[in-house]
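Asker: The structure that follows is given in the form of structure tokens.
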Amino acid sequence: MLRVDVEKQLGDFSLHAAFESEGRVTGLFGASGSGKTTLVNMIAGLLRPDRGTIAIDGDLLDDTAASLHVPAHRRRIGYVFQDARLFPHLSVAQNLDYGRRMNRLAADPAQHQRVVDLLDIGGLLDRRPGKLSGGERQRVALGRALLSKPRLLLLDEPLGALDEGRKLEILPYLVRLRDEANVPMVYVSHDAAELRQVATQIVMLRQGRVTSFGGVKMLA
């Protein structure tokens, strides 16, 4: 379960968000400027809340009353950005292995093969990111995040930089992740159709406030 109850002031913008989600994919939905990325950055540990708590499965990551803030690198949270952020000088295989090595995890060939098969990237392992399509780069970014063995995966507009054709290419892989990877996700998007396909629960944000929380039928 992901439990969030936080406040954050950034210039003239204030965020006050509270929800509890047990969904496999919690969709954060709202227009640009509604606070989605600010909220997901707090869950990741990249921003500290001014007040409140964040917890995963009862494990507190932030508790301002107790002056608790677990740094991002100790949260075991994977983060996939809109622009993939692969290392251009490394091969796909080396990019995939980066998260495991940075987290000092033992090699797990069986898990590595499961992720490669799940995302259908076996034929890309020797390539450099510059030789990949946008959709392929995002699949590799997803694989790198999964191989760091996160307890939560954050996806911030993962299809936002892709054209319509590439979006249709990668959406089935996101659905497979939801159904097969056994890692809960928070999925940020302003695209209702996209979230209807991927999310299992929806947090609707407007001007820094949660206006609704429930199933994907809210997006109908």
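The values are calculated or read from the model by the stated rules, or taken from the named source; none is laboratory data. All values derive from a computational prediction rather than experimental measurement. Because the Cβ atoms are built from the backbone with ideal geometry, glycine has one as well, and the counts that use them run over all protein chains shown.
Asker: Could you tell me how many of the residues in the range 153-184 are aliphatic (A, V, I, L, M), farther than 14 Å from Thr200 by Cα and out of contact with any strand residue (DSSP E or B) (no Cβ under 6 Å at 6 or more places or on another chain)?
Answerer: To start, the set of residues in the range 153-184 that are aliphatic (A, V, I, L, M) comprises 153-155, 159, 161-162, 168, 170-171, 174-175, 177, 181, 183.
So of that shortlist, the ones also farther than 14 Å from Thr200 by Cα come out as 153-155, 159, 161-162, 168, 170-171, 181.
If we keep only those that are out of contact with any strand residue (DSSP E or B) (no Cβ under 6 Å at 6 or more places or on another chain) too, we end up with 159, 161-162, 168, 170-171, 181.
Qualifying residue count, the range 153-184: 7.
Asker: Show the residue pairs meeting these rules: Cβ distance below 7 Å; 6+ apart or different chains; first residue within the range 145-171 and within 21 Å of Ser34 (Cβ to Cβ); second residue surrounded by fewer than 21 Cβ atoms within 10 Å (Cβ to Cβ) and charged (D, E, K, R).
Answerer: Leu159/Lys167; Ala161/Asp83
Asker: Next up: Return the residues of the range 49-70 that are more than 17 Å from the chain's Cα centre (by Cα) and free of Cβ contacts under 8 Å to residues at least 24 places away in the same chain; say none if nothing qualifies.
Answerer: Hits for the range 49-70 are Asp59, Leu60, Asp63, Thr64, Ala65, Ala66, Ser67, Leu68.
Asker: Enumerate the helices (runs of 4 or more DSSP H) found wholly within the range 113-218, keeping only those where 2 or more residues are over 24 Å from Gly30 (Cα atoms). Steps first, answer last, please.
Answerer: Details: elements: 134-147, 164-180, 192-198.
Filter on the range 113-218 gives 134-147, 164-180.
Asker: Shifting gears a bit: In the range 73-92, which residue that is of a type in the set (Gly, Ala, Ser) and modelled with pLDDT under 95 is farthest from Arg24 (Cα to Cα)? Give the steps one after another, and end with the answer.
Answerer: To start, the set of residues in the range 73-92 that are of a type in the set (Gly, Ala, Ser) comprises 78, 84, 91.
Of the ones still in play, those that are also modelled with pLDDT under 95 are 78, 84.
On the way: Gly78: 15, Ala84: 22 Å.
Across the range 73-92, the extreme among qualifying residues is Ala84.
Asker: Across the range 72-93, what is the number of residues that are assigned to a loop (DSSP other than H, G, I, E, B) and in contact with a strand residue (DSSP E or B) (Cβ under 7 Å, 6 or more places away or on another chain)? Can you show your working first?
Answerer: Let us first name the residues in the range 72-93 that are assigned to a loop (DSSP other than H, G, I, E, B), namely 75-76, 81-91.
Those left that are additionally in contact with a strand residue (DSSP E or B) (Cβ under 7 Å, 6 or more places away or on another chain): 75, 81-82.
Selection size over the range 72-93: 3.
Asker: Just the residues that are of a type outside the set (S, T, N, Q), over 22 Å from Leu195 (Cα atoms) and either in contact with a Lys or Arg (Cβ under 7 Å, 6 or more places away or on another chain) or surrounded by fewer than 20 Cβ atoms within 10 Å (Cβ to Cβ) (or both), please, taken from the range 128-157. Can you show your working first?
Answerer: At the first step, the residues of the range 128-157 found to be of a type outside the set (S, T, N, Q) are 128-132, 134-137, 139-147, 149-157.
Filter again for over 22 Å from Leu195 (Cα atoms), leaving 128-132, 144, 147, 149.
Matches in the range 128-157: Arg128, Pro129, Gly130, Lys131, Leu132, Leu147, Lys149.
Asker: Could you tell me whether Ala65 is in a helix (DSSP H, G or I), hydrophobic (A, V, I, L, M, F, W, C) and surrounded by fewer than 17 Cβ atoms within 10 Å (Cβ to Cβ)? Can you show your working first?
Answerer: Numbers: in a helix (DSSP H, G or I): yes; hydrophobic (A, V, I, L, M, F, W, C): yes; surrounded by fewer than 17 Cβ atoms within 10 Å (Cβ to Cβ): yes.
Criteria met by Ala65.
Asker: Suppose we filter Thr26, Thr64 for residues that are more than 23 Å from Thr211 (Cα to Cα), modelled with pLDDT of 95 or more and of a type in the set (Val, Ile, Thr); which single one remains?
Answerer: Details: Thr26 fails: more than 23 Å from Thr211 (Cα to Cα).
After applying the criteria, what remains is Thr64.
Asker: Also, quick follow-up: Of everything in the range 6-41 that's in contact with a helix residue (DSSP H, G or I) (Cβ under 8 Å, 6 or more places away or on another chain) and assigned to a loop (DSSP other than H, G, I, E, B), which residue is nearest to Ala193 (Cα to Cα)?
Answerer: Taking the range 6-41 as the starting set, the residues that turn out to be in contact with a helix residue (DSSP H, G or I) (Cβ under 8 Å, 6 or more places away or on another chain) are 6, 8, 10, 13, 15, 17, 24-25, 27-30.
Now restrict to residues that are assigned to a loop (DSSP other than H, G, I, E, B): 24, 30.
On the way: Arg24: 18, Gly30: 13 Å.
For the range 6-41, the residue satisfying everything is Gly30.
Asker: Please give the number of the condition Leu47 fails out of (1) touching a helix residue (DSSP H, G or I) at 6+ places or on another chain (Cβ under 7 Å); (2) modelled with pLDDT under 95.
Answerer: Only one criterion is unmet by Leu47, namely (2).
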